[in-house]
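The values are calculated or read from the model by the stated rules, or taken from the named source; none is laboratory data. Bear in mind that the values here come from a model prediction, so they are computed numbers and not experimental data. Glycine gets a Cβ as well: all are built from the backbone with ideal geometry, and neighbour counts include every protein chain shown.
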Amino acid sequence: MNGERDELNDWLAASYTKAYRTAVLICGNPDDAREAVQDAFLRTWRFRASLPPDEGRDPWLYRVIVNACYSKLRQEIPRRDRERDRVDSAMPIAVSAEGPAAHAEHALLADTVAGALQALPESLRTPLVLRYWSGLSEREIAMAIRRRPGTVKSRLHEARRRLASDPALAGFAEELLGAVQ
Amino acid sequence: MSADELFDDERWTAILGIAGEAIEIPEAGAQRIYELAKERQLVSVVTGRDDGDDGDEVRAAGAVRRTAQSRNRGQRWQLIAGVAAALTLVVGVGGVLIQNRGRGDSSAKTASLTRTTTKETNAERAYQGGNGPSANPKAEPYSVGRSANLSSQLGYKSTFDKAGPAPTPAAARSKNFAVTSLDLTSLDVTKLQKNGAIDIELQTRSLTARYNDVQAIAKQNGGYLSDGKTNEVADTPTAAATIRVPVRNFDTALEQVAALAAKPANKVVSRTATSVDVTAQYADVGAQLKAATSARDQISLLLTKATNIGDILAVYERLNTSQTEVDRLQGQINLLGDQTAFSTIAVTLHETPTHAVDAGVKPKTGLAKAWADARHGFGNALAWIVARSGAALVVLVALVAMMLGLRYLYPVLRRALL
């Protein structure tokens, strides 16, 4: 019993960082993301008896997180309040170890990518985040968002196309190429 | 150069990584959630041990139970689905069996009351339903006696009793037959409906004489010919007579009719006798009649106390309804009394066809008999399957509907719970 609890706790603790950042990228708001991840983890605790085997746990967890994020996004909060919160609690940027200038450049780049992501509709943003940030396969994404793999594939394509045509992101193409090399 | 042309999957991963890695993680985020889970007792199974609270057995037991319940939830759904399927199957099969058993019991009951004495039994001939004494003027004397007998059995104190002479049957069955009281204790005599049927094959040119004999037997036993019909066909003349005799003379009359086939050239083709005990039905209808009569009397009393037109009309309407009910029950009592006072014997007479011997119809033997039996068996089996296909179809549809429901409902519920 204790072994199971420890294993679950360790897995959740190890998953927290990636899960939280996934939620932030989907919700676009750290407060919503924190609550969504909290709800998702509590649900995981509550329904731990229904947890799938090891290889299916991550998709299962991300499905719960996506549901929690959607639930937060659909709450009856006026859009202007959400936008204000987004500004007030703009995504906190981790401090770079390469110095203030590098930190500022990195922060600007991250902010540009995050802004481009938020410009996408959530139906396109979610599969993109799950694919290229969370590292889920198209099949696992299909399970997480309850869509067919073909739908996921087309949405990913459309998300990439829109993101690539984002003028702010295009302006940083050279910087992005440099950053990812 | 656009970003779309520059970036492949690996670079998209790196770009999303820029945005993701830059997000600051709340301090002790996971630990805080774990503490919250403990507060909500989602992990209370280990709370006591973690906090050194080993002595709290109640909490530990509760936590273990909750954990076990949670773990078994998935299995429980499967169990519920299985039990539901089993219940549906049992109810369906049970319903079919009960339905069939009911038919079987009914058949057995009929069989137990039917005494077959010859090689063939034709239950449908057992009772053809006579038209009653009024159909024949000769029935009048017996009807009077029967009516008086019925009245005494029921314990009626009728207006006719007070008048002295027994009423005619027509009067006894009229709606004005006023029953003022009914003594149910007088119903200690068993009420039996006895009916019989006999089919006699006669030698040629003796049918008319035997038909007259049947009428004489009815009269001799205190009964009457209820219905009679002759059919003078050239080769096979037939006659059907329905006689009614007092129940006490039923066996005698049946024997006498059967004795008409005593000559070697005649024979009894079939003979049946049924006896049905209607005592309970008789008592039940009698009790209902008593209650309805009482209610009608009460309403009549109210009519005398009504003071305005509205009340009078309302009470009168109720009185009419009540009187109708009394008349209906009275009719049932009269019918039961008639059926238990007089038994019915349906006699069928037919002459042997003159060409029957020449027809050369031989009983089937060997392969021909086997083939005929096979055809008969095939027909019976087919009829059995068709007769039960309705109930089986209901069970099948219920099972399919339940399986489909579980198939689509279970994932929905599971998703809702998550």
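Looking only at residues that are out of contact with any helix residue (DSSP H, G or I) (no Cβ under 7 Å at 6 or more places or on another chain) and facing chain A (nearest Cβ under 8 Å) in the stretch B:11-31, which one is modelled with the highest pLDDT? Only one residue fits best here, namely B:17. Of all the listed residues (B:335, B:319, B:301), the sole one being assigned by TED's automatic domain parsing to the domain that holds residue B:221 and either crowded, with 16+ Cβ neighbours inside 10 Å or of a type in the set (Val, Ile, Thr) (or both) is B:319.
Restrict the check to the stretch A:108-131 and report whether at least one residue is at pLDDT below 65, outside the structural domain of residue A:40 (by TED's automatic domain parsing) and of a type in the set (A, V, I, L, M, F, W, C). No, the stretch A:108-131 has no match at all.
Each row is one residue, and each column tells you yes or no for (1) at positive phi; (2) surrounded by fewer than 17 Cβ atoms within 10 Å (Cβ to Cβ).
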residue	(1), (2)
B:205	yes, yes
B:208	no, yes
B:212	no, yes
B:223	no, no
B:228	no, yes
B:237	no, no
B:242	no, no
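Among the conditions (1) buried (at least 19 other Cβ atoms within 10 Å of the Cβ); (2) within 11 Å of another protein chain (Cβ to nearest Cβ), residue A:31 misses just one, which is (1).
Restricting B:396, B:289 to those that are surrounded by fewer than 14 Cβ atoms within 10 Å (Cβ to Cβ) and either aliphatic (A, V, I, L, M) or not in a helix (DSSP H, G or I) (or both) reduces the list to B:396. With the structure loaded, tell me whether residue B:415 is in a helix (DSSP H, G or I), surrounded by 12 or more Cβ atoms within 10 Å (Cβ to Cβ) and modelled with pLDDT under 90 or whether it fails that test. In short, no. Give the stretch A:41-68 a look and list any residue that's more than 11 Å from every other protein chain (Cβ to nearest Cβ), of a type outside the set (A, V, I, L, M, F, W, C) and over 16 Å from residue A:138 (Cα atoms), or say none. Result: A:53, A:54.
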